[in-house]
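The values are calculated or read from the model by the stated rules, or taken from the named source; none is laboratory data. All figures in this text were calculated on a predicted structure; none of them were measured in a lab. All Cβ positions, even for glycine, are placed from backbone atoms using ideal geometry, and neighbour counts span all protein chains on display. To get the accessible areas, we keep the full protein, side chains included, count just its heavy atoms, and leave off ligands, DNA and RNA. Shrake-Rupley method; radii C 1.70, N 1.55, O 1.52, S 1.80 Å.
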Amino acid sequence: MGMNPKKLQLDIKHRWNSTYLMLQDAIPYQQVLSAFLNDLAYAHAIIDADWEHAKLLCAFLKPFYDATNVFSGVQYVTSNSVLQYLYEIGMVFKIHKDYPFFKETIVAMEAKLFKYWDTTPILFGLGSILDPRLNLKGVESTLSDIEDCFGTYAYSIWCNGDQSRLMDAKLRSLFAKYSNILHDKQVNISSNVPSTSMGTVGASVGQIHSGSLSEGSSTSSGGGFWAARRLQKRDPLATSSEELNRYYAEPEPALTDLEDFDVLDWWKNNEKRYPVLSCIASIYSCLGVCLLFWKTYIR
């Protein structure tokens with residue numbers, strides 16, 4: 001039939017993903033396999049309806065296979081992808097639940113899914129908000145779509161419309177905490193600056209205004225004064241609130257491929273624009289990997 005020879009993947013009962021890989025390999029060779037079985041006069045020939053079921057099952061298993069590959073990685077951020085794959089799993093449930101072939105299977109799978117995801121941590125919502133491709137508006141629409149996919153079950157996995165407000169409140173409380181931490185750090189750095197360097201700053205200012213300095217005069221207070229003004233010029237909590245509102249209004253990154261996007265690299269490049277947010281993103285984006293592993297395997 002003009003197709004390249006291929007060693008087909010076999011199904012292995014104790015490896016769940018082998019069924020998906022087997023079907024992924026076999027479906028393009030539908031005509032070859034059917035002709036082969038007909039030539040053998042096989043008693044249980046594969047009919048067209050069987051192939052349609054195989055294609056439906058392959059499409060159904062794909063998001064589970066993709067999610068497993070994504071969350072098995074350790075070289076990139078994953079906490080911002082949890083809502084995405086909950087949505088994709090919810091979509092395959094919604095699309096396939098009306099097929100008699102899938103109905104009982106989906107009911108059993110949903111029961112097991114909600115056994116492990118009864119209270120999805122708010123951390124994964126924060127990871128999605130801190131993904132500039134989604135931001136708060138994107139998370140709100142994603143939660144709404146997940147709620148539509150799972151229906152009443154959405155409340156079991158914390159994906160109802162009210163959850164976005166809880167996520168926003170949590171992020172604002174983190175702002176207050178980390179803005180104070182960064183402010184205190186700046187104060188400590190300033191207080192540890194040697195008096196000689198402060199004196200040099202004060203001396204240069206005095207020389208500009210008076211033209212000379214009297215011998216033995218103290219200049220460290222001048223540098224300390226201006227250093228303190230610089231640190232206390234603006235309320236750090238007010239500044240961080242402005243920063244968060246600016247980020248919420250941030251347009252979606254201008255990318256041709258939104259899937260090939262490095263979240264941490266974006267925050268590194270925008271650290272000066274969002275100093276507090278970039279600190280939170282670097283910590284909480286990475287925590288998601290550990291928490292997801294704990295919920296799935298250890299608990």
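When the listed pairs Lys55/Lys103; Lys62/Lys170; Lys6/Lys55 are checked against a 23 Å cut-off, the alpha-carbon distance exceeds it for Lys62/Lys170. Indicate the gyration tensor shape class of the range 97-136 (rounded, prolate or oblate), computed on the Cα atoms with a ≥ b ≥ c the square roots of the eigenvalues: a/c under 1.5 is rounded; otherwise a/b larger than b/c is prolate and the rest oblate. In terms of gyration-tensor shape, oblate.
Estimate the FRET efficiency between Tyr116 and Trp16 by the formula 1/(1 + (r/R0)^6), using the beta-carbon distance for r and 22 Å for R0, to the nearest 0.05. Spell out each step's value before the answer.
Working: r = 15 Å, r/R0 = 0.68.
The calculated FRET efficiency here is 0.90.
As a fraction of the 1.4 Å probe accessible area of the range 1-81, surface on carbon and sulfur atoms comes out at 58 percent.
Rank Phe71, Phe102 by accessible area, highest first, at a 1.4 Å probe radius? Could the numbers behind the result be given before it?
Details: Phe71 55, Phe102 5 Å².
Order by accessible area, largest first: Phe71, Phe102.
Sorting Trp16, Trp266 by solvent-accessible area of protein heavy atoms yields Trp16, Trp266, largest first, with a 1.4 Å probe. Looking at the square roots a ≥ b ≥ c of the eigenvalues of the Cα gyration tensor of the range 1-148, which shape do they give, rounded for a/c under 1.5, prolate if a/b is larger than b/c, or oblate? Note, shape of the range 1-148 comes out prolate.
Could you give the C-alpha radius of gyration of the range 49-131 expressed as a fraction of 2.2 N^0.38 Å, taking N as the number of residues it contains? Can you show the working numbers first?
Working: Rg = 14.5 Å, N = 83, 2.2 N^0.38 = 11.8 Å.
The reported ratio for this selection is 1.23.
Sorting the segments 248-255, 77-84, 136-143 by their residues' average number of neighbouring beta-carbon atoms within 10 angstrom, most packed first, yields 77-84, 136-143, 248-255.
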